Amino acid sequence: MVSRHADVQAANRDTGAFSALDGPSLGSPPEMRGTMLVSMDGKPHTRQRKLISAGFTPRMVGRLEEQARTWAVQILDRALEKGSCDFVQEVAYQLPMHMIADIVGIPQEDRGFLFDLTQKILAGGDPETPGGLEKSRAIQAQMFGYAQQLGREKRANPQDDIWTLLQTVEVETEDGERHRLGELELDMFFFLLTLAGSETTRSAIAGGLLALHENPDQLARLRREGVTRAAVEEIVRFTSPVAYFARRATRDTEIRGVPIAEGQRISLWYPSANRDEDAFDEPFRFDVGRSPNHHVAFGGGGPHFCLGANLARREITILFEELLKRTREIEVLEAPTWRALSIYNPILTYMKELPVRLAAA
Ligand code: HEM
């Protein structure tokens, strides 16, 4: 377990000593090796990343600004009408879910069903969920079936979205051959985009609201000064939605004097690095004006750095801007409940429910 900020950053960038091939999760099955962006190294990783990175540049995300604001207003108006709601499911989850679905090209009428599958796959790791992992695998197969069907529709009727692009694009292999993405690669891409694009930002928004509620002076500052870039970075640092990403040592090495043998797995703990007193003054204080704020919530600056960071930042900014504009008071009705992806694999540890009452401005 790598827990210090400097070590997380160094290991994340040292692709010579640490490989991502076995995937980000300590529980990844061996057949997932090299099948998705997060479990690739070197040139194959760069090539796959390039396929979709153009969809996530600040310019492209800027173009989605209006769309994101329209979604945010719609979601908040609905919550305000109800008065009290579960902020996690009914607000925080909705904006990232619709935005990633718009980008990937998932029709609106399918979103409830599809993202319900994502939640069920995640819940499969939870000991409270009946059916457990086996059921979660069956649901994953159902999701892949949906992705393949949607792919056939996009090939027949191409649209300006990522799923159309990935159906038709060709990648070049080491030996110069060009080929389309295989079925498993496409399935895993679909899973990664829908999961990474929705679950993480939801946790940042929900955790951000809780942090603001627990720090009324910071909430007052946000209302006064607006949702600044510094405030958004602090929400991301403080909530650190991804608990860890794993790597495998490709040679004998050491971290802070601890020997790591070739073949051993290491895990980089982002929330811990983001609370490292060597890197942050008073790391446990939630400070919306914190500067500098070199957090590692989106990764430590290596080649796998979060592709959706710009998108996540815009979504958080817009959601809080519209929320503060529309509310006079935000009351947390009960303490939140939490869930780890699984007791064996807490790669995501997130808020499950946060009952709130929103009073309109
Ligand atoms: C606050 C929200 C988010 C957080 C905290 C977060 C965090 C992370 C982290 C820690 C990584 C691994 C970095 C590494 O290994 O160096 C990552 C990778 C990734 N993220 Fe995010 N993420 C967020 C939102 C998003 C969104 C909205 C998308 C939209 C598609 C996204 C897509 C991805 C992808 C595709 C990768 C893999 C990149 C690669 O392997 O090259 N993320 N993210």
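The values are calculated or read from the model by the stated rules, or taken from the named source; none is laboratory data. Every value quoted in this text rests on a predicted model; they were computed, and no experiment measured them. Here Cβ is always computed from backbone atoms with ideal geometry, including for glycine, and neighbour counts include all displayed protein chains.
Among the numbered conditions (1) under 18 Å from the mean Cα position of the chain (by Cα); (2) within 15 Å of the ligand (Cβ to nearest atom); (3) part of a helix (DSSP H, G or I); (4) buried (at least 17 other Cβ atoms within 10 Å of the Cβ), the only one that residue 45 does not meet is (1).
For the subset of the stretch 256-266 comprising residues that are surrounded by fewer than 19 Cβ atoms within 10 Å (Cβ to Cβ) and in a strand (DSSP E or B), which member is nearest to the ligand (Cβ to nearest atom)?
First, the residues of the stretch 256-266 that are surrounded by fewer than 19 Cβ atoms within 10 Å (Cβ to Cβ): 256-259, 261-265.
From the residues that got through so far, the ones that are in a strand (DSSP E or B) too are 258-259, 265.
Numbers: 258: 21, 259: 23, 265: 14 Å.
Result: 265.
Among the residues of the stretch 303-334, the ones that are in contact with a Ser or Thr (Cβ under 9 Å, 6 or more places away or on another chain) and surrounded by fewer than 16 Cβ atoms within 10 Å (Cβ to Cβ) come to 3 in all. Scanning the stretch 267-283 for residues that are without any contact (Cβ under 8 Å) to a residue 60 or more places away in the chain and within 16 Å of the ligand (Cβ to nearest atom) turns up 271, 275.
Considering only the stretch 68-108, how many residues are over 26 Å from residue 157 (Cα atoms), away from the ligand (no atom under 13 Å from the Cβ) and not in a helix (DSSP H, G or I)?
Of the residues in the stretch 68-108, the ones over 26 Å from residue 157 (Cα atoms) are 69-70, 72-95.
Within this subset, residues satisfying the condition of being away from the ligand (no atom under 13 Å from the Cβ) are 69-70, 72-91, 94.
Applying the additional criterion that residues be not in a helix (DSSP H, G or I) yields 83-86.
Number satisfying all stated conditions: 4.
Checking each residue of the stretch 299-309 against the condition of being within 21 Å of the chain's Cα centre (by Cα), away from the ligand (no atom under 11 Å from the Cβ), small (Gly, Ala, Ser) and modelled with pLDDT of 95 or more gives no match.
Restricted to helices (runs of 4 or more DSSP H) entirely inside the stretch 159-241, those with at least 2 residues that are within 16 Å of the ligand (Cβ to nearest atom), over 25 Å from residue 348 (Cα atoms) and touching a Leu at 6+ places or on another chain (Cβ under 7 Å) are 162-168. Screening the stretch 242-255 for residues that are in a strand (DSSP E or B) and under 29 Å from the mean Cα position of the chain (by Cα) and picking the one that is surrounded by the most Cβ atoms within 10 Å (Cβ to Cβ) gives 247. The single residue among 16, 27 that is at pLDDT below 95 and away from the ligand (no atom under 12 Å from the Cβ) turns out to be 27.
Within the stretch 319-328, can one find any residue that is within 15 Å of the ligand (Cβ to nearest atom), at negative phi, assigned to a helix (DSSP H, G or I) and at pLDDT 95 or above? The answer is yes, given that some residue of the stretch 319-328 is within 15 Å of the ligand (Cβ to nearest atom), at negative phi, assigned to a helix (DSSP H, G or I) and at pLDDT 95 or above.
Residues in the stretch 243-273 that are among the β-branched types (Val, Ile, Thr) and out of contact with any Ser or Thr (no Cβ under 6 Å at 6 or more places or on another chain) were compared, and the one that is farthest from residue 207 (Cα to Cα) is 253. The residues of the stretch 55-66 that are part of a helix (DSSP H, G or I) and surrounded by fewer than 14 Cβ atoms within 10 Å (Cβ to Cβ), listed by number, are 58, 59, 62, 63, 65, 66.
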